[in-house]
Amino acid sequence: MYLIKAVVRPEKRDEVLYELTSAGFNAATVVDVVGRGKQKGIKIGNIVYDEIPKVMIIMAVQETDKDDIISVIMRSAKTSEKGAFGDGKIFVSPLEEAYTVSSGAKEL
Amino acid sequence: MKEIIAVVRMNKTNATKKALIDSGAAGFTALKVMGRGRLVEDKSLIATRKANMMEMALGEDTREAEALIDGFLDGQRLIPRRMFHIIAKDAEVQPIIAAIMGANRTDNKVGDGKIFVLPIADVVRVRTAERGETAL
């Protein structure tokens with residue numbers, strides 16, 4: 001199993017979540033975050049904005065679904081065909097165990 | 001060392017905090033998050049609660065009320081949840097998971113939350129620069 005953390009633009013949140021549901025992956029946790037990337041923020045005039053608001057979508061997924069989910073996020077979070085700075089990042093880390101509280105089952 | 005990420009109901013925050021102290025892991029980081037789970041495909045799981053909510057909606061447009069209640073219960077909507085991050089030694093992981101499950105189990109059949117366990121490569125205590133398990 002893997003834990004996918006995707007950082008996307010706030011205005012793309014609903015679109016990404018809708019596309020994930022349509023593709024059959026409903027479960028997700030959503031957090032509002034601020035951050036900056038390789039571009040060191042945005043400079044507008046003399047002011048540097050280096051705490052840019054983003055949305056982090058956290059999903060626990062099976063190994064077989066991982067690539068599908070990444071491609072859905074990749075496709076729906078882009079602002080144009082080529083993509084642009086600030087469209088986000090996707091991080092994938094190993095997940096050893098997952099439990100469902102209501103049933104007590106050791107599964108997703 | 002392992003990182004335990006638990007997503008629980010907002011109103012179970014205090015019960016979870018108490019359970020963590022009882023299980024010997026007092027330290028944690030908590031966030032307010034929005035989340036949703038798997039789509040509820042077996043509608044019988046939410047039938048009782050739906051009936052209760054429909055009763056409260058008496059006098060309103062039934063179809064509109066039903067659509068709203070379905071939206072709340074079937075899992076498509078984002079719902080506020082509390083996310084706990086706990087770093088623990090390997091041997092402490094199972095007792096902590098048992099404590100969180102014990103504190104958060106309800107009769108609602110869906111929506112009690114999830115617990116994830118991830119490996120942690122290293123921990124550093126900023127004050128003393130200790131590394132590894134002694135820094136916990």
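The values are calculated or read from the model by the stated rules, or taken from the named source; none is laboratory data. A quick note: this is a predicted structure, and the numbers were derived from the prediction, not measured. For neighbour counting, all protein chains shown are included, and Cβ atoms are generated from backbone atoms with ideal geometry for every residue, glycine included.
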Next item on the list: Give the residues of segment B:75-111 that are facing chain A (nearest Cβ under 9 Å), of a type in the set (Val, Ile, Thr) and under 30 Å from residue B:51 (Cα atoms), sorted by residue number.
Entry: B:100, B:106, B:110
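Residue by residue, here is whether (1) of a type in the set (Ser, Thr, Tyr); (2) closer than 25 Å to residue A:17 by Cβ; (3) part of a strand (DSSP E or B) holds:
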site: B:4; (1), (2), (3): no, no, yes
site: B:15; (1), (2), (3): no, no, no
site: B:59; (1), (2), (3): no, no, no
site: B:64; (1), (2), (3): no, yes, no
site: B:85; (1), (2), (3): no, yes, yes
site: B:92; (1), (2), (3): no, no, no
Next item on the list: List the number of the failed condition for residue B:27; all other conditions in (1) modelled with pLDDT of 80 or more; (2) part of a loop (DSSP other than H, G, I, E, B); (3) closer than 27 Å to residue A:23 by Cα hold.
Entry: (3)
Notebook entry, point to check: Looking only at residues in segment A:52-94 that are in a loop (DSSP other than H, G, I, E, B) and surrounded by 11 or more Cβ atoms within 10 Å (Cβ to Cβ), which one is farthest from the other protein chains (Cβ to nearest Cβ)?
Noted result: A:83
Checklist line | In segment B:4-18, residue farthest from residue B:38 (Cα to Cα) [restricted to those that are of a type in the set (A, V, I, L, M, F, W, C) and surrounded by 15 or more Cβ atoms within 10 Å (Cβ to Cβ)] | finding: B:15
Next item on the list: Taking the residues in segment A:98-108 that are surrounded by 15 or more Cβ atoms within 10 Å (Cβ to Cβ) and either without any contact (Cβ under 8 Å) to a residue 12 or more places away in the chain or in a loop (DSSP other than H, G, I, E, B) (or both) as candidates, determine which candidate is farthest from the other protein chains (Cβ to nearest Cβ).
Entry: A:108
Next item on the list: Just give me the residues in segment B:82-123 being touching an Asp or Glu at 6+ places or on another chain (Cβ under 7 Å) and farther than 21 Å from residue B:22 by Cα, in sequence order.
Entry: B:118, B:119, B:120
Check: Taking only pairs six or more apart or across chains, which ones have beta-carbon atoms under 9 Å, a first residue in segment B:94-111 that is in contact (Cβ under 8 Å) with a residue 12 or more places away in the chain and not assigned by TED's automatic domain parsing to the domain that holds residue B:46, and a second residue that is part of a loop (DSSP other than H, G, I, E, B) and of a type in the set (Lys, Arg)?
Finding: B:110/B:38
Check: Is segment B:112-134 home to any residue that is within 12 Å of chain A (Cβ to nearest Cβ), under 22 Å from residue A:26 (Cα atoms) and assigned to a loop (DSSP other than H, G, I, E, B)?
Finding: yes
Note to self: Exactly one of these conditions fails for residue B:66: (1) more than 10 Å from every other protein chain (Cβ to nearest Cβ); (2) surrounded by fewer than 13 Cβ atoms within 10 Å (Cβ to Cβ); (3) farther than 27 Å from residue A:94 by Cα. Give me its number.
What the structure shows: (2)
Next item on the list: Could you tell me whether residue A:31 is free of Cβ contacts under 8 Å to residues at least 40 places away in the same chain and either hydrophobic (A, V, I, L, M, F, W, C) or within 27 Å of residue B:84 (Cα to Cα) (or both)?
Entry: yes
